[in-house]
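Visitor: The structure follows.
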Amino acid sequence: MTLPKNFQFSQSSLQDYVDCPRRFQLRYIQRRAWPALDTAPALESELFMQRGAQFHHLVHQYFLGIPTEKLARQIEGDEMLEGWWQNFTDLQGFQNLEDLRARPEISLSAPLGEFRLMAKYDVVALTPSSPAHLPEGKGENFTIYDWKTSRKRPKREWLEKKLQTRVYPYLLTRAGAQLNGGQPIPPEQIEMIYWFTDFPDQPARFSYSEEQFTTAEAYLGGLIAEINNLGDDLAPLTKDEFRCNYCPYRSLCSRGNKAGLLDEMDEFNESEIGFELELDFEGITEVEY
Ligand code: SF4
């Protein structure tokens with residue numbers, strides 16, 4: 001069984017492959033539904049995911065110009081969401097939306113090898129000042145913001161290795177010309193920022209360069225070709241068995257039958273391994289360039 005020709009790769013499907021080739025095969029090639037929880041307790045995980053989705057929705061509405069007071073009324077009485085929202089509205093730099101020229105929830109895609117690679121961004125903001133790593137006057141700054149609602153702040157080392165950190169700036173360079181008057185965006189003018197709802201003063205910032213772009217293109221292209229060559233053999237199971245605790249296929253793979261605990265996932269988040277409950281918005285509509 002092989003991938004359908006119109007399959008679109010995303011950072012989350014590629015991350016699945018890197019974490020466990022078998023999971024990629026079960027989820028995207030065989031499309032196996034397996035009725036198991038990935039995290040316990042179920043209600044707590046579900047509520048946490050719902051709040052994450054609600055926060056993303058609030059911020060989207062904010063960037064569309066809906067007044068903050070009106071948005072705050074939507075979450076009245078939910079202490080956690082009110083706290084996250086307060087942290088967001090206290091942020092410097094997001095007040096003047098006209099200067100920021102923010103594009104919330106845009107999707108970009110580009111061909112890579114025999115397939116397409118796509119990404120859905122929380123916000124891409126265009127600011128007239130140069131990025132911090134460039135001298136003033138060296139062009140505008142295209143900042144990719146990604147909102148993270150993790151209960152613990154992940155380590156930078158893990159974020160740096162994450163497929164999202166490689167895919168998002170790469171695709172903005174490849175497919176973001178419409179945001180830059182029809183000209184490709186130079187990698188040096190791109191910055192990616194993970195902003196944490198519970199740690200508003202500790203964002204993780206990643207600058208970008210031509211060299212990183214070239215490395216990402218080779219790496220992502222190689223990964224996609226490798227997946228395309230999986231063929232009908234069973235893909236290997238992950239060697240990192242802790243991943244199976246948070247994977248719905250664990251009983252199918254004979255890797256246990258109890259879902260991993262949300263609290264223990266938080267501890268991983270503080271290590272170099274990193275883990276998060278993924279809010280996967282990438283299956284939704286996209287714009288192709
Ligand atoms: S249970 Fe483990 S080995 Fe099986 S698909 Fe999930 S992560 Fe991979």
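Visitor: What are the residues in region 215-236 that are within 11 Å of the ligand (Cβ to nearest atom) and open to solvent by 60 Å² or more (accessible area, probe 1.4 Å), if any?
Guide: Within region 215-236, Leu234, Pro236 qualify.
Visitor: If Asp201 satisfies all but one of (1) within 30 Å of Asp90 (Cβ to Cβ); (2) surrounded by 15 or more Cβ atoms within 10 Å (Cβ to Cβ), what's the number of the condition it fails?
Guide: (2)
Visitor: How many residues does region 68-109 hold that are surrounded by 13 or more Cβ atoms within 10 Å (Cβ to Cβ) and charged (D, E, K, R)?
Guide: 6
Visitor: Also, I was wondering about something else. May I ask you to list the residues in region 237-264 that are within 9 Å of the ligand (Cβ to nearest atom), part of a loop (DSSP other than H, G, I, E, B) and open to solvent by less than 80 Å² (accessible area, probe 1.4 Å)?
Guide: Within region 237-264, Leu237, Thr238, Asp240, Cys247, Pro248, Tyr249, Arg250, Ser251, Leu252, Cys253, Arg255, Gly256 qualify.
Visitor: Give the residues of region 173-198 that are open to solvent by 40 Å² or more (accessible area, probe 1.4 Å), not in a loop (DSSP other than H, G, I, E, B) and not acidic (Asp, Glu), sorted by residue number.
Guide: Residues satisfying the conditions are Arg174, Gln178.
Visitor: Out of Glu211, Glu267, I need the residue that is at pLDDT 80 or above, outside any loop (DSSP other than H, G, I, E, B), open to solvent by 30 Å² or more (accessible area, probe 1.4 Å) and among the charged types (D, E, K, R). Which one?
Guide: Glu211
The values are calculated or read from the model by the stated rules, or taken from the named source; none is laboratory data. If you're wondering where the values come from, they're calculated on a predicted model, not measured in any experiment. Quick reminder, even Gly has a Cβ in these numbers, built from the backbone with ideal geometry, and neighbours come from all protein chains shown. The protein model used for the area step is the full one, side chains on, heavy atoms only, and it has no ligands, DNA or RNA in it. Shrake-Rupley method; radii C 1.70, N 1.55, O 1.52, S 1.80 Å.
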